[in-house]
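What follows is a set of notes on a single structure, which appears directly below.
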Amino acid sequence: MREYSITQALSLPEYKITDIKDDLVRLLICVEPYKRKEFVCSKCGEVHIGKINSLKYVTVDDLKILDKRVRLIVTKRRMRCPQDGKLHVEHIDWVKPRARVTNRLAQDVYRLTSITTNTEAGWYLGFDDEKIYRIDLEILEGLAGKVLNPTPTCKNMSVDEVAWRKYYQYLTNVIDVDRRKVIWNEKGRTAEVLDKYYGNIGKDNSTKIESVALDGAMTYISSTAKNAPNALIVYDKFHVVQRLNTTVDTVRKLELRKARKEERSDLIEMMDCKQRFILLKNKGNLTGNQKERLDRLCSLNESIYKAMLLKESFLLVYTMQDETSAEECLNEWFAQAAASGIQAFVILAEKFRNKARYILNWFKRRISSAISEGINNKIKRLKRMAYGYRNVRYFLLKIHQHCGLLSPRFSP
Ligand SMILES: [Zn+2]
């Protein structure tokens, strides 16, 4: 290949190749600007005309060529800036300055980090975690400035909290139900946090919101009632079922503790953590063997039996045809739960009673729980991928990249 055509393939306008070295691992390509190229000052951004003071050489990683890593050795000119009288190098618009990679390589990093971990992306490209992190963060911040600004609005939204660190640190995600994408997020889970979203989109857009599905938290309910007066507030099915499951699990833990005290090894074995899922799964999804074990457990422990019955009878509410029959069914359940003597369910029934109309609103707008569930699972996977995020800002952006509008599948 003649140097001329490599120059073309490199496609760095106004730069020419002056040398190419091959050190077996890498191609080192020296490039320098043509004399006619304008000098754009990296300090003030203006074009300066005058004498070049000196030259500087920087290394910039670029895309692989024929499976060889490529490192450019770029000549940068230095000139005195008339604005501050100091020497500055020229600005090069195809380089990510802090990370010392070309924009096109940075784009590749961003595509990779949207499908895999930073460590894996780094292994593939031959970069360490720190370099990947810097490139990723810079790209995501740049995109967020364009795509998430002004804050996207929606007609049907869903609000959800996510734990981002141990010790109860949470963040709030706003999801556009129709697009199935996270469109906004912020640290914290108070009413003030959600107020911020409504504040960002403005009064006009807030009043146009038709429905808001949420997890039953009073903070989100009060903020929504105040800011989006026309929205139908729905305590969504996914979170109701989640609540039922955690309550069954509370009963299990309590009974397990009792069984340990009484040294009932048969019960302990059936109720330990490994067996937990039998209680949490839908009965219809259990295998024959699992069903047998559950039946045996229920026959040995009355509280667990009652808890399972209460969970199942609650799910009947969702099989009703219309809101009126669902309401009847729900009221029956409140009575059953109150009479059960299972403390955890007595408390839950009280909570559900206060939010009954939001639970029943589901019959007015049956928002699919698959959306919340899907996004929840993706975020869980995202957390596992990173083994914790060093700062919440980065985690918020990664959620947008993996579950929202900052995915490379949507942006150029
Ligand atoms: Zn200048």
- For the range 288-306 versus the range 1-68, the gap between their alpha-carbon centres in whole angstrom: 72 Å
- Out of the DSSP beta bridges found with both residues in the chain, what percent are antiparallel (nearest 5)? 70 percent
- Message: Using the alpha carbons of the chain, what is the convex hull volume per residue in cubic angstrom, as a whole number?
- Response: 212 Å³
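Sum -39500 (n - 2.57) across every DSSP H segment of at least 4 residues in the chain, then divide by the residue count to get the 222 nm mean residue ellipticity, nearest 500.
After summing the helix terms and dividing by residue count, I get -15500 deg cm²/dmol.
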- Distance cut-off 24 Å, percentage of C-alpha pairs in the range 1-93 lying past it: 28 percent
- Task: Under a cut-off of 23 Å between alpha-carbon atoms, report the lysines in cross-link reach of residue 16, not counting same-chain residues fewer than 8 places apart.
- Result: 35, 37, 51, 56, 64, 68, 76, 96
- Message: From Cα pairs below 8 angstrom and at least 6 apart in sequence, can you work out the relative contact order of the range 237-363, rounded to a whole percent?
- Response: 26 percent
- Task: Indicate the gyration tensor shape class of the range 238-309 (rounded, prolate or oblate), computed on the Cα atoms with a ≥ b ≥ c the square roots of the eigenvalues: a/c under 1.5 is rounded; otherwise a/b larger than b/c is prolate and the rest oblate.
- Result: oblate
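If the convex hull of the alpha-carbon atoms of the range 103-147 is projected onto planes in all directions, what is the mean projected area in square nanometres?
Quarter of the Cα hull surface area: 2.9 nm².
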- Task: Any aspartates and glutamates with Cα under 13 Å of the residue 43 Cα? List them, leaving off those in the same chain fewer than 8 positions away.
- Result: 84, 90
- Query: the range 154-209 to the range 223-239: how many Å between their Cα centroids?
  - Reply: 12 Å
- When ranked by the protection proxy of mean other Cβ atoms within 10 Å per residue, highest first, what sequence do the peptides 125-135, 52-62 form? 125-135, 52-62
- Query: Which peptide among 138-147, 234-243 comes first, and what is the full order, when sorted by highest mean count of other Cβ atoms within 10 Å?
  - Reply: 234-243, 138-147
- Message: To the nearest 20 Debye, how big is the dipole of the range 1-93 about its Cα centre, given +1 on the beta carbon of each Lys and Arg and -1 on that of each Asp and Glu?
- Response: 300 debye
- Taking a quarter of the surface of the Cα convex hull of the range 71-224, what do you get in nm²? 13.7 nm²
- Query: Quick one: what do you get for the range 237-363 if you divide its Cα Rg by 2.2 N^0.38 Å?
  - Reply: 1.09
- Task: For residue 119 paired with residue 54, estimate the spin-label separation in nm (one decimal), with each label point 7 Å from Cα along the Cα-to-Cβ line.
- Result: 4.3 nm
- Cross-link reach list, lysines versus residue 291, counting only Cα pairs under 25 Å and skipping chain neighbours closer than eight places: 237, 253, 258, 274, 281, 283, 306, 311
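State the Kirkwood hydrodynamic radius of the range 162-237 in Å, one decimal place, computed from all pairs of distinct Cα atoms.
12.7 Å
Read-outs throughout are calculated quantities, based only on the coordinates presented, and are distinct from any laboratory measurement. Only a predicted model underlies this, so the values are computations on that prediction, with no experimental measurement involved. Quick reminder, even Gly has a Cβ in these numbers, built from the backbone with ideal geometry, and neighbours come from all protein chains shown.
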